[in-house]
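Colleague: Quick one: the structure is below, and I'll ask about it shortly.
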Amino acid sequence: MKYIKYLYLLLAVTATGLLSSCNSILDQAPDGKISYDDIFKDNDKVAAYLNTCYRNMPGKGHLYFFFERGPACWSDEAWDGDDNDVNWAGSALMYAGKASASADPRWSVTGQGANCENYWDYYWQCIHDCAYFLQQLPTATVTSESDRSRWAAEAHLLRAYYYEELLRWFGRGLPLVETPYTLDQSYAEVKCASYYETVQFIVKDCDAALACADLPWRITSDGESGRLPKSLAWAIKSRMLLYAASPLYTGSDDHWQEAYTMTKDAMNALSAQGYELYTTMKNTSMYAGKDSHFAYDGYDDNLKLKAGIYAEYFCTDLANSATPVDKETIFASRFGMGNSIVIEGVGCQYGYKCGSCPSQELVDSYETIDGNPVLNLSTPYNDEETHMEPNYNTENTMYDPTNPYKNRDPRFYATVYYNGSQRTSWWSCNELPSCYENYPASAGWRTRKIMTYVGEPLSGVSSTSRTLTRTGYYIRKFYDPNVGPSNYHGEPNFKEFRYAEILLNFAEAAAHAGHADEAIAAVNKIRSRVGMPNLPAGLTGDALLQRIYNERRVEFALEEQRYFDVRRWSSPTGDLAKTDKWVTAMHITRNSDGSFTYNRAQVSGAARGCYTNKYLKCAIPLDESNRILSITGTSWQNPGW
C-alpha cells in the first residue's frame, strides 16, 4: 500500500512553518497523487480522515514506559519497581530529578506504542486535524446527513479531549484553534488564551457535541468500539470546570460557583442517561463466596460483598451495548492492557517483575470500617516531608499499628496485596524452605499467601530486585483474582472517565461553593457502594474538604487522578514537598513465633527530585518554546524550565 503525504501545522510549531507526516489510512489514487480536495469529495475518505483525528489518543493505565503506571508512580501513590533495572525509564529519571525542557521524562521517554509520550506534539497534530476536518466537512461529499452531523460532533469532542489533556499536563492557557492555520498567516500574531479561556473553548466544543442528536450517549456495537460517546462531553466539562476553579489555575478569580453548577448539571444529565455506580456483583462465587477472592480477609458477608463489588468493577470490560453491565464507565481507553499480571503484580507468579508498587502513604489513606481516618488529615505526619512519624487520628480507636491491615475500608483489600493476603491462581514458583507460610508447595494451581516481610525470598520487600516489592505491597486492583499462566485473559482497558469521578467532582465544587450538605450526600453515594459509613453530618470548610480529598485518593487509587489532584490543589508558588518528596515502605520483621513487627522505612535513601515547584507542570519542549519565543517575542515556557 502506498501512503498519502499531507501537510499539517503543529500549533506549538506554528512558528516553524510546515511539517510533513505520513498517513497510513488514506489510500492514494491510482496515479499516486491525491489532494485534500479529492479526500473531501469521497464519503469513505472523509470518514477515514476523521479516523486520523483519533490516532493519538493515549492508552494510559500501565502503558507508560517501561510498563508502569506513570502518574501513579510519579506521585505518592506508588513506586516503580523497575527504577534500578531500567534507570532510563520515566520513573527513575523523575526520582533522580533528571528532567529538563529538552527531556522531561513525563513526555520524552518512548512508551509502549500507546501514545503515552510526546503529548505536546501528538495532541497538537490531532487538534489541527480536527479543526481542518470541521472546516471542510460542511461542503464535503457525505452520503448521509446523519453521518455528517455525527462526524462533526465527534471532531468537536475529540478536540475538547486533546485540549483537556494538554491542560492537565502543561497547566497553562493555549492558542484556540477554531480554524486551522494557513500558509500565509503571520505566526508572530499567535496568542495564548488564558487557562480559563481555554477551558471555555473546551466547554464550547463539548456543547457542540451535546447538541448533536446523531451522536449516541453510549457506543452500542462492537463495530464502533472506541468511538466517542456524547456522555464524554459532560465528563470533560465536569473535570475542566473543577480544574479551572482549583488554586493552581484560578489566579485571583473565583470559579467555584460556576464549577458547582457545571458539575451538578453533569451529574444530573449523566444520571438521566442511566449512568450510575457499579453496585451489583455478577460473579458472587469468585468475589464473595466462601472460597472467594476475599474469603480470608475476615469480613462478615456484607463487607466481603462490598469489597468484591469494587474489585469486580475494575475487572469488567466496558461492553458496547445499550444496556451494559458496567453503567459506571463513561469512556475507556481504546488500547488493550494485555496479560498485564506478567509485568505488574506479585512478581514470583511469573518470575519477572512487580511493576508499580503501592506506597505506605496510599495504605495510610484507607479508613477503618467505622469510618474514621487512621491519620489526622490536616497534618497526617509529624515529620511532614519524610512521613516516618504518622500523626494518628486520636478519634480512631479501631486502628492497631501492630495489626495494621485489620478492619480497613473494603477498597483497601480490593486494591492492595499486603502481608498475609492470599491469591488463588497458577504459580510458576516452587516454594523454598524459608517461605515459611507456603512451603512445601510446587508450581501449579494453588492458593499462596502473599508474605512481604523482609527476607521472604519470593514475595518479600527488597531494595534491589525487580521481582520483589519495593514498598511491602503489590497491586491487586485491576486484576482478575485467578488470572495466570493457566487462565489467561487481559486486564480491561483503562477506565479513563467514570461516574464516580463526576460525583466527587461535584462534591468538591459544592463544598467550595458553600453547599456542604449536597457535597456530603455525593460522597456518601461513593462510600455506600463499599459499605463505608456516611460522613459525619454537619462537616463544613476545611474539615469537609479534607474528607473529600481523601475520598478521591482512596476511590481513584492508582488511576492517575492523585498525580493531577495534588498539583491543582497547590498554589502557583508552592511545591509537592509534603506529598511527593519522600515515599515510604513497610518493612516487616517475622518473629520466631510467627508474629510480625511493622516498621516504616524509606523506599530510597535519597529524597526524590520531582517535588519542586517546576514539577507542578510539564515543560514545553525546548525546541518548541525557543521557536515560539523567536517568532512571537513571548515565552510560553512554564516556570522553572
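The values are calculated or read from the model by the stated rules, or taken from the named source; none is laboratory data. Note that the structure is predicted; figures quoted are calculated from it, not measured. All Cβ positions, glycine included, derive from the backbone under ideal geometry; neighbour counts span all protein chains shown. What goes into the accessible areas is simple: the full protein's heavy atoms, side chains included, and nothing from ligands, DNA or RNA. Shrake-Rupley method; radii C 1.70, N 1.55, O 1.52, S 1.80 Å.
Colleague: Identify all residues within region 523-547 that are over 21 Å from the mean Cα position of the chain (by Cα), assigned to a helix (DSSP H, G or I) and among the hydrophobic types (A, V, I, L, M, F, W, C); write none if there are none.
Modeller: Ala543, Leu544, Leu545
Colleague: Inspect region 599-609 for any residue being touching a Lys or Arg at 6+ places or on another chain (Cβ under 8 Å) and either of a type in the set (Phe, Trp, Tyr) or open to solvent by 50 Å² or more (accessible area, probe 1.4 Å) (or both) and give the result as yes or no.
Modeller: No.
Colleague: Could I ask something else about it? Does Val583 fit the bill of being in contact (Cβ under 8 Å) with a residue 60 or more places away in the chain, out of contact with any Cys (no Cβ under 6 Å at 6 or more places or on another chain) and closer than 19 Å to Ala78 by Cα? Talk me through it step by step, then tell me what you get.
Modeller: On the way: in contact (Cβ under 8 Å) with a residue 60 or more places away in the chain: yes; out of contact with any Cys (no Cβ under 6 Å at 6 or more places or on another chain): yes; closer than 19 Å to Ala78 by Cα: yes.
So Val583 passes the test.
Colleague: Return yes or no: is Thr634 assigned to a strand (DSSP E or B), among the hydroxyl-bearing types (Ser, Thr, Tyr) and open to solvent by 50 Å² or more (accessible area, probe 1.4 Å)?
Modeller: Answer is no for this residue.
Colleague: Now, a different point. Could you check region 469-487 and list, in sequence order, the residues that are more than 24 Å from the chain's Cα centre (by Cα) and open to solvent by less than 30 Å² (accessible area, probe 1.4 Å)?
Modeller: Start the filter on region 469-487 by keeping residues that are more than 24 Å from the chain's Cα centre (by Cα), which leaves 482, 484-487.
Residue satisfying the conditions is Gly484 alone.
This table checks each residue for (1) open to solvent by 10 Å² or more (accessible area, probe 1.4 Å); (2) on the phi > 0 side of the Ramachandran plot; (3) of a type outside the set (Phe, Trp, Tyr).
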site	(1), (2), (3)
Arg408	no, no, yes
Phe412	no, no, no
Arg423	no, no, yes
Ser428	yes, no, yes
Tyr436	yes, no, no
Pro440	yes, no, yes
Gly455	yes, yes, yes
Arg466	yes, no, yes
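Colleague: So which residues in region 196-226 are open to solvent by 20 Å² or more (accessible area, probe 1.4 Å) and under 24 Å from Val177 (Cα atoms)?
Modeller: Result: Tyr196, Glu197, Gln200, Lys204, Asp207, Ala208, Leu210, Ala211.
Colleague: If the requirement is being at pLDDT 95 or above, assigned to a helix (DSSP H, G or I), open to solvent by less than 20 Å² (accessible area, probe 1.4 Å) and hydroxyl-bearing (Ser, Thr, Tyr), which of these qualifies: Ser238, Ser271?
Modeller: When all the criteria are applied, what remains is Ser238.
Colleague: Still on this structure, please answer the following. Criterion first (of a type in the set (D, E, K, R), open to solvent by 10 Å² or more (accessible area, probe 1.4 Å) and more than 32 Å from the chain's Cα centre (by Cα)) does Arg172 satisfy it?
Modeller: Numbers: of a type in the set (D, E, K, R): yes; open to solvent by 10 Å² or more (accessible area, probe 1.4 Å): yes; more than 32 Å from the chain's Cα centre (by Cα): no.
No; evaluated as a whole, the condition is false for this residue.
Colleague: Select from region 46-57 the residues that are touching a strand residue (DSSP E or B) at 6+ places or on another chain (Cβ under 9 Å) and open to solvent by less than 10 Å² (accessible area, probe 1.4 Å) and write down the one among them that is farthest from Tyr381 (Cα to Cα).
Modeller: Filtering region 46-57 for residues that are touching a strand residue (DSSP E or B) at 6+ places or on another chain (Cβ under 9 Å) and open to solvent by less than 10 Å² (accessible area, probe 1.4 Å), the one farthest from Tyr381 (Cα to Cα) comes out as Tyr49.
Colleague: Still on this structure: Of everything in region 89-123, what is over 14 Å from Cys618 (Cβ atoms), crowded, with 21+ Cβ neighbours inside 10 Å and among the hydrophobic types (A, V, I, L, M, F, W, C)? Give them in sequence order.
Modeller: The answer is Ala89, Ala92, Ala114.
Colleague: Another question about this same structure. Pairs please, first residue from region 362-381 and among the acidic types (Asp, Glu), second anywhere and assigned to a strand (DSSP E or B), Cβ atoms under 7 Å, 6+ apart in sequence or on different chains.
Modeller: Asp364/Leu375; Asp364/Pro390
Colleague: Follow-up. In region 437-466, which residues are touching a strand residue (DSSP E or B) at 6+ places or on another chain (Cβ under 7 Å) and not small (Gly, Ala, Ser)?
Modeller: Within region 437-466, Glu437, Asn438, Trp445, Arg446, Thr447, Arg448, Lys449, Ile450, Thr452, Tyr453, Val454, Val461 qualify.
Colleague: Would you check if Asp205 is assigned to a helix (DSSP H, G or I) and in contact with a Lys or Arg (Cβ under 6 Å, 6 or more places away or on another chain)? Full working, then the answer.
Modeller: Numbers: assigned to a helix (DSSP H, G or I): yes; in contact with a Lys or Arg (Cβ under 6 Å, 6 or more places away or on another chain): yes.
Against the criterion (assigned to a helix (DSSP H, G or I) and in contact with a Lys or Arg (Cβ under 6 Å, 6 or more places away or on another chain)), Asp205 qualifies.
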